[in-house]
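Right, one structure below, let's go through it.
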Amino acid sequence: MRFADIKEKLKTKSVAIAGCGGLGSNAAVALARVGVGKLIIADDDVIEEGNLNRQYYFYDQIGKPKAPSLKQNIARINPAVDVAAHIVKLGPKEVLDLFSGCDVILEAFDKSAMKEMIIETVLSTLPNMPIVSGVGMAGWGGNESITIRHSGNLHLVGDGVSEASENNPPLAPRVGIVSNMMANIALELLLGKDR
């Protein structure tokens with residue numbers, strides 16, 4: 001399929017991204033670059049200098065809310081993408097209100113409790129909605145340990161064990177690998193398998 005055909009198919013599709021940190025910001029940029037028509041992004045956090053090692057923000061955006069800053073960055077990459085940016089702490093109600101009309105949801109939270117909340121909410125109340133989640137990408141190296149596991153409409157990407165901590169921080173290379181794999185799964189769900 002030619003890129004023009006891919007963009008034509010994707011321009012009617014919408015992807016929700018829960019969390020605009022390392023996974024969410026990089027996956028959003030990847031999807032914007034290929035022409036997904038609408039991105040619905042949500043995060044209640046602000047950009048800190050420590051985020052710049054792995055998140056798609058710039059030094060002059062430190063202290064600003066992530067969701068509208070990411071919207072600005074995407075507009076510079078592909079102004080044709082409609083980005084709905086929400087500064088909100090997501091709970092089950094917000095997930096349903098904001099994301100129920102999209103084609104795919106990407107879960108990109110840092111905290112395991114938030115990951116569990118959105119996965120449980122989506123699987124129990126939106127059973128036909130595909131959800132892609134990043135689990136285990138802290139540290140560096142170990143490329144062969146990053147896998148994809150599918151269970152119905154739930155798609156898990158990562159090594160499943162490398163939880164981020166003070167002594168095992170998430171770094172740009174592994175976060176970028178996982179976020180781009182998540183975006184690639186979203187494309188597969190939106191376009192079908194390639195070959």
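Report yes if Lys193 is assigned to a helix (DSSP H, G or I) and either within 23 Å of Asp43 (Cβ to Cβ) or without any contact (Cβ under 8 Å) to a residue 40 or more places away in the chain (or both), otherwise no.
Details: assigned to a helix (DSSP H, G or I): no; either within 23 Å of Asp43 (Cβ to Cβ) or without any contact (Cβ under 8 Å) to a residue 40 or more places away in the chain (or both): yes.
Judged against the criteria, Lys193 is not a match.
Just checking, does segment 9-20 include any residue being on the phi > 0 side of the Ramachandran plot, surrounded by 14 or more Cβ atoms within 10 Å (Cβ to Cβ) and in contact (Cβ under 8 Å) with a residue 40 or more places away in the chain?
The answer is yes; a qualifying residue exists.
Could you pull out the residue among Asp82, Asp110, Asp43 that is in contact (Cβ under 8 Å) with a residue 40 or more places away in the chain, touching a Gly at 6+ places or on another chain (Cβ under 9 Å), of a type in the set (D, E, K, R) and crowded, with 18+ Cβ neighbours inside 10 Å?
Criteria check complete, one pass: Asp43.
Could you list, in sequence order, all residues of segment 13-31 that are among the hydroxyl-bearing types (Ser, Thr, Tyr) and under 8 Å from the mean Cα position of the chain (by Cα)?
Ser25
Are any residues in segment 128-178 surrounded by 15 or more Cβ atoms within 10 Å (Cβ to Cβ), outside any strand (DSSP E or B), touching a Pro at 6+ places or on another chain (Cβ under 9 Å) and free of Cβ contacts under 8 Å to residues at least 40 places away in the same chain, and if so, which ones?
Of everything in segment 128-178, those that are surrounded by 15 or more Cβ atoms within 10 Å (Cβ to Cβ), outside any strand (DSSP E or B), touching a Pro at 6+ places or on another chain (Cβ under 9 Å) and free of Cβ contacts under 8 Å to residues at least 40 places away in the same chain turn out to be Ala138, Asn153, Ser162.
Read-outs: derived from the displayed coordinates by stated rules, not from any lab. Just so it is clear, the model here is predicted, and its values are computed rather than measured. Ideal geometry is used to build each Cβ from the backbone, glycine not excepted, and the neighbour counts take in all protein chains shown.
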